[in-house]
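The values are calculated or read from the model by the stated rules, or taken from the named source; none is laboratory data. In this text the structure is predicted, and so the values were computed from the model without any measurement. Ideal geometry is used to build each Cβ from the backbone, glycine not excepted, and the neighbour counts take in all protein chains shown. We work out accessible area using only protein heavy atoms, side chains counted, and drop any ligands, DNA or RNA first. Shrake-Rupley method; radii C 1.70, N 1.55, O 1.52, S 1.80 Å.
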Amino acid sequence: MNLRDLHYLVSLAEHRHFGRAAEACFVSQPTLSTQIKKLEDELGVALVERTPRKVLLTEVGREIANRARDVLNEIEQIKGIARRTVDPEAGTVKLGIFPTLGPYLLPHVVPMLGKRFPRLELLLVEEKTETVLHRLREGKLDAGILALPLHDDNLHAEFLFEEPFLLAVPQSHPLAHRTQLKLSDLSDQNLLLLEDGHCLRDQALEVCHMAGAGEKSGFRATSLETLRQMVASNVGITLLPTLAVKPPVAQAPNLQLIEFSGHPPSRRIAMVWRKSSAMGDFLQQLAEVFRSLPHGLLDPHSAVSAPGRRRRIA
């Protein structure tokens, strides 16, 4: 048994297809099939159930593949320790981030990361929260930028910042003349929300619950930009995170932003990584860069335009 064969098995478990698994491993299909058969002969058990259309792992095959994945992750950790011993700020970091934050946060942070760690290769993966968590647990990502709370004792969460929400309404909406709102002002409103799977949907639903508001029926957006354009088109109102309305993001016409008084509804953002990660000390340094955002970037007041007047963003 060697690490290469374990890699083949893990790839087969993920792709459930010999051809796609072989392609992912950069080998021919006969080579991968032959090595899987040799591994079965060596272990004395059937790992794979071969059907005409797809590949199914046996129960023992699934268990061995899971343990093989852990072994391969540990090997990567060992290699990472060695690389960072030679040069702590070099190497590659695979970072996951969810789509209602990534496009708005990264333009402010990536240039700072380049200056602070010029030899670092940052590989960014934008996926919904559950996918980021799944890949993080499997060792396919080194860290993730996610919204709290997270309920996983195997993960370390390093708090970065709190991002307030603003209410976005069409300029003809009865609330558009308001300079500030209380949550109770939303009690008779129905908000446009994202589709299931977006953590921002869950956060917005929590705000709706606290305010006594509801969800506008018959529509669920696939992206934050869709929500923005639907508000501008007089379809409804919604909550937008502060970073999503700050430059370099261009404001949509006919869209009015209103801040909340007191402590506004918000989301808490953290960098998350496995407690067992050999990169923990370096990820702490990385988190410090994400924490040091430009002054005023998270201030919702500077994003609000005067009632009835469109705010221009260069």
Legend entry - Most positive-pole-ward Cα, Leu9, Val93, Val60, against dipole of the stretch 1-135 from beta carbon charges: Val93
Legend entry - Rg and Dmax [Cα atoms of the stretch 125-266; Å; Rg one decimal, Dmax integer]: 16.1, 50
Inset, instruction - With only Lys, Arg, Asp and Glu charged, each at its Cβ (+1 for the first two, -1 for the last two), find how big the charge dipole of the stretch 192-265 is about the Cα centre; round to the nearest 20 debye. - result: 180
Legend entry - Check: the chain dipole with +1 on Lys, Arg Cβ and -1 on Asp, Glu Cβ, in debye: 860
Inset, instruction - Can you tell me the 0 to 90 degree angle between the C-alpha axis of helix 29-43 and the longest principal axis of the chain, rounded to 10? - result: 70
Inset, instruction - Note down the Stokes-Einstein diffusion coefficient of the stretch 57-97 in µm²/s, whole number, using a Kirkwood radius over alpha carbon pairs, 25 °C, and 0.890 mPa s. - result: 202
Legend entry - Backbone HN-Hα couplings from phi across the stretch 112-120 [Karplus 6.51/-1.76/1.60, Hz, Gly and Pro as x]: 5, 5, x, 6, 6, 10, x, 9, 7
Inset, instruction - Quote the accessible area belonging to Asp281 in square angstrom, nearest 10, computed with a 1.4 Å probe and with ligands, DNA and RNA left uncounted. - result: 130
Inset, instruction - For Leu155, list long-range residues whose amide hydrogen, built 1.01 Å from N in the peptide plane, is under 5 Å from its own amide hydrogen. - result: Lys275
Inset, instruction - State, to one decimal in nm², a quarter of the convex hull surface area for the C-alpha atoms of the stretch 1-46, i.e. the direction-averaged projected area. - result: 2.8
Inset, instruction - May I ask for the distance between the Cα centers of the stretch 186-200 and the stretch 59-132, given as a whole number of Å? - result: 31
Legend entry - Area of Ile81 that stays accessible when all protein chains are in place (1.4 Å probe, Å², to 10): 90
Inset, instruction - Give me the Debye-computed log₁₀ of I(q)/I(0) at q = 0.08, 0.14 Å⁻¹ for the chain, equal point scatterers on Cα only, no solvent, two decimals. - result: -0.49, -1.05
Inset, instruction - Largest first and to the nearest Å, give the Cα extent of the stretch 93-204 along each principal axis. - result: 52, 32, 22
Inset, instruction - Express in Å², to the nearest 10, the accessible area of Cys208 obtained by rolling a 1.4 Å probe over the protein heavy atoms while all chains stay in place. - result: 10
Legend entry - Rounded to 10°, Cα long-axis angle of helix 3-15 versus longest principal axis of the chain: 50
Inset, instruction - Any chance you could list the semi-axes, whole Å, largest first, of the equivalent ellipsoid that the Cα gyration tensor gives for the stretch 83-159, using √(5λ)? - result: 22, 17, 11
Inset, instruction - Give me the Kirkwood hydrodynamic radius of the stretch 39-123, using the inverse of the mean 1/r over all pairs of distinct Cα atoms, in Å to one decimal. - result: 16.8
Legend entry - Folded to 0 to 90 degrees: helix 59-86 orientation relative to the chain principal axis, Cα: 80
Legend entry - Potential extension, Asp153-Arg50 segment - 0.36 nm per residue separation minus Cα distance: 33.4 nm
Legend entry - Prolate/oblate/rounded call for the stretch 1-81, Cα gyration tensor, a/c under 1.5 rounded: prolate
